[in-house]
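The values are calculated or read from the model by the stated rules, or taken from the named source; none is laboratory data. In this text the structure is predicted, and so the values were computed from the model without any measurement. With ideal geometry, Cβ positions are generated from the backbone for all residues, glycine too; neighbour counts draw on all protein chains shown.
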Amino acid sequence: MRVTDRSRVGTMVLAQSRAASRLDDASRVAVNGQRVTKPSDDPAAYGSMIRKNYAVALLDQHSQIATRAQGELEIAQNALTEGIDLISRARQAAIAGANTTADAHARSLLGDEVKMIRDSLLSLANTRYANKFLFGGTKTDTAPFDPATGAFVGNDQTVRVPVFDGVSTPANVSGAMAFTSAGGRDIFADLDALVQALYSDDQAGIRAAIDPLEAGHRQIVRSQVEAGFGAERFRTAVDVIASTRTALAQQLHDEIQGDPAAQITEFTLARTAYERSVAVTKQLLSIANSG
């Protein structure tokens, strides 16, 4: 084999090796659908993929946190909605008891009803969701209201949860503002006073309970509205996070996955180039050997 032939064959073998490498890369991309799987494929794109994957994971985490906070606020809102109905019933009982036509027995029965209302409202104030008390501020592991006395034993601190990097929003409703004098009226004390007045057939005391119960009704309504707004904020945050994640995932797909049609075209071209390279190499070797 002459030196010139040797040089030609060496050149073609090198070209065949490159064609084989190109075909291998094109085959992997066509099969896996990923243009970049390791740093050497495209250092800049690979770095972008790592950053975007981290960002997507962070968005998923924020979405889970926001969804959980939304659920807690919706449960709190439902509890307060029931509380509004209960305090309305207690006020109606007070109006009935203040009526001069009611006798001591009727007022005693109304006292029984208000006592049950008070106990039901206390149970709502101690609403728990997923082993977490919702109206105790940051003190979520114990009942915020004493089951016997109705005294508030939680705290009035705000629970804030992150929805984006550097952005957090309140995720709880103040039990103190909803049910205690911090919000205007000590509702359980007002109910206890009404129960006592009804049992004692104290018409003046019964009449005196009507306005405080109306104020307590407005107090719970304010907290219920606050819970609704809070749940809506998190619902909106979840939607924004989902939209952001979709856009980011599409960017990642476009950078890493590439165009399927272009991938198939590249695979076809790479295979054709490799087959042509093999054929030319065989032809050169045949000519060189015959010489």
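A Cβ distance below 9 Å, combined with a sequence gap of six or more or placement on separate chains, defines the contacts here; from segment 112-124, residues that are over 20 Å from Gly175 (Cα atoms) reach residues that are part of a helix (DSSP H, G or I) and of a type in the set (Phe, Trp, Tyr) in the pairs Asp112/Tyr199; Lys115/Tyr199. Within segment 129-146, track down each residue that is within 24 Å of the chain's Cα centre (by Cα), surrounded by 15 or more Cβ atoms within 10 Å (Cβ to Cβ) and not hydroxyl-bearing (Ser, Thr, Tyr). Across segment 129-146, the qualifying residues are Lys132, Phe133, Leu134, Phe135, Gly136, Gly137, Lys139. Got at least one residue in segment 115-131 being on the phi > 0 side of the Ramachandran plot, part of a loop (DSSP other than H, G, I, E, B) and touching a Gly at 6+ places or on another chain (Cβ under 7 Å)? No: zero hits.
Quickly run through segment 61-108 and pick out the residues that are out of contact with any helix residue (DSSP H, G or I) (no Cβ under 7 Å at 6 or more places or on another chain) and closer than 30 Å to Gln250 by Cα.
Gln61, Gln64, Ile65, Arg68, Gly71
The residue list Thr180, Thr158 contains one member that is touching a residue at least 12 places away in the same chain (Cβ under 8 Å), surrounded by fewer than 16 Cβ atoms within 10 Å (Cβ to Cβ) and of a type outside the set (Phe, Trp, Tyr), which is Thr158. Find the residue count for segment 216-236, including only residues that are surrounded by fewer than 17 Cβ atoms within 10 Å (Cβ to Cβ) and under 20 Å from Leu110 (Cβ atoms). Qualifying residue count, segment 216-236: 0.
Criterion first (surrounded by fewer than 23 Cβ atoms within 10 Å (Cβ to Cβ), at pLDDT below 95 and among the acidic types (Asp, Glu)) does Asp239 satisfy it? So Asp239 passes the test. Among the conditions (1) farther than 16 Å from Ala178 by Cβ; (2) charged (D, E, K, R); (3) crowded, with 17+ Cβ neighbours inside 10 Å, Asp112 misses just one, which is (3). Of the numbered criteria (1) surrounded by fewer than 18 Cβ atoms within 10 Å (Cβ to Cβ); (2) part of a helix (DSSP H, G or I); (3) at pLDDT below 95, the one Ile65 fails is (1).
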